[in-house]
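Worksheet: the structure to be examined is printed underneath.
Derivation of every value follows stated rules applied to the coordinates shown; laboratory data play no part. Keep in mind that what you see is a predicted model, and the values were worked out from it rather than measured. Note that each Cβ is placed from the backbone with ideal geometry, even for glycine, and that neighbours are counted across all protein chains shown.
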Amino acid sequence: MSVPEHLHINDREVDQNFDLDDLLYHGYSEAEYNFAEDTIRLETIRFPGFSCNWSRYADPEDVKYRMNGIDTDGCYSFSIVVSRFNNLATPVHEPIEDATYPNYSHVEVRVSRITDPEGFIPPRGRNFNNKRRKMEYRQNIANNSTIEIEAQTP
Amino acid sequence: MLTDTIDLDYGEGWEKVATFLPTESALTDIIDKQEEYEFVSIGGELVPKAGLKDFASSLKEQKEQICQSVANHFETILSAIPFPSRWKKEGIQEPTEECRRKALSVAEKIFLRFHIQPFRIASSIEEGLMLVYWDPSKSRSLKIEIYNSLSVAGLINENKTIVKSLNIISDDHIRELCRDFTG
């Protein structure tokens, strides 16, 4: 499937000016949904290195235009505020220049540290070793996500 | 003739599975007082003093059989947990054999003490396994994640609010989470 034009890079610059009420979109499959708790399953949420699309440059349905994306995938969203839970992480705009799946809206949620100066863009690959706090961060995303498009049975 | 009721403590929750399981020391205590009692009331059941040891052995055997069948059930599930092909393509590691053994050990300990079973056991995108316990009456979940590194963490969530989380270093931490979950 061909990627919509608005996801192509088109010579646009990187943008790190997130508004607090902007949303981050992430694709999910039906198997990743916890019907009992009415949340995304905690064990399917990765941190750090969580990839999303930015609502400023993408629509919820754009999540299917990614490697390994399928038509029955759904989309859930959470806010920039949620992504910065307990100041553990922050979104970083990182457009993907790929021949098949370009994605100008791509954002990676990365680990932030107390010692980072204001406006600092955390590097990719920072680790976060405290398992308890990692679980809390991931559960917080699950607790505060909104289903934008319901996943279908494949 | 019933002369007294003795309350003997075994551990949390087992009254639901077996009427009563006296501890070794409690049994000795009762048998030493043989002159004073002909019957004892244990969990509402009258047991003649003479048959107390056999009664306790029978209950212990029942408990062992139940535990073994539950352990077998856990082991069967843990050996065949699906791993999403999408994760494999992304290079995420499947749960290791050591991780599965540790998860089995944790699940067994929890069952032995609190006689609750996981609602779900699943592979984790964080490279390991997750045990999920669920109480629908309180919309409360207990999640215990065992990583391939063999570290363990746990979290209680209720009505989409995190109630408690712990790095699980010892069995005390497991007990603490389970007490809060079942309480």
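Histogrammed with a bin width of 5 Å, the alpha carbon distances of the range A:79-148 distribute as 3, 14, 22, 23, 18, 12, 6, 1 percent, first bin at zero. So, how do all the Cα-to-Cα distances of the range B:100-183 break down into 10 Å bins, in percent, from 0 on up? Histogram of Cα-Cα distances, whole percents per bin: 19, 58, 23, 1.
Of the cross-linked pairs A:K131/B:K63; B:K89/B:K164; B:K63/B:K143; A:K131/B:K143, those separated by over 24 Å at the C-alpha level are A:K131/B:K63; B:K89/B:K164; B:K63/B:K143. Classify the range A:1-124 as rounded, prolate or oblate, taking a ≥ b ≥ c as the square roots of the eigenvalues of its Cα gyration tensor: rounded when a/c is under 1.5, otherwise prolate if a/b is larger than b/c and oblate if not. The shape class here is oblate. Towards the positive end of the charge dipole of chain A, with charges on Cβ (+1 Lys, Arg; -1 Asp, Glu), say which of A:F18, A:T90, A:G74 has the farthest Cα. Result: A:T90, furthest along the dipole toward the positive end.
Computed on the Cα trace of the range B:69-149, the radius of gyration divided by the Kirkwood hydrodynamic radius gives Rg/Rh = 0.99.
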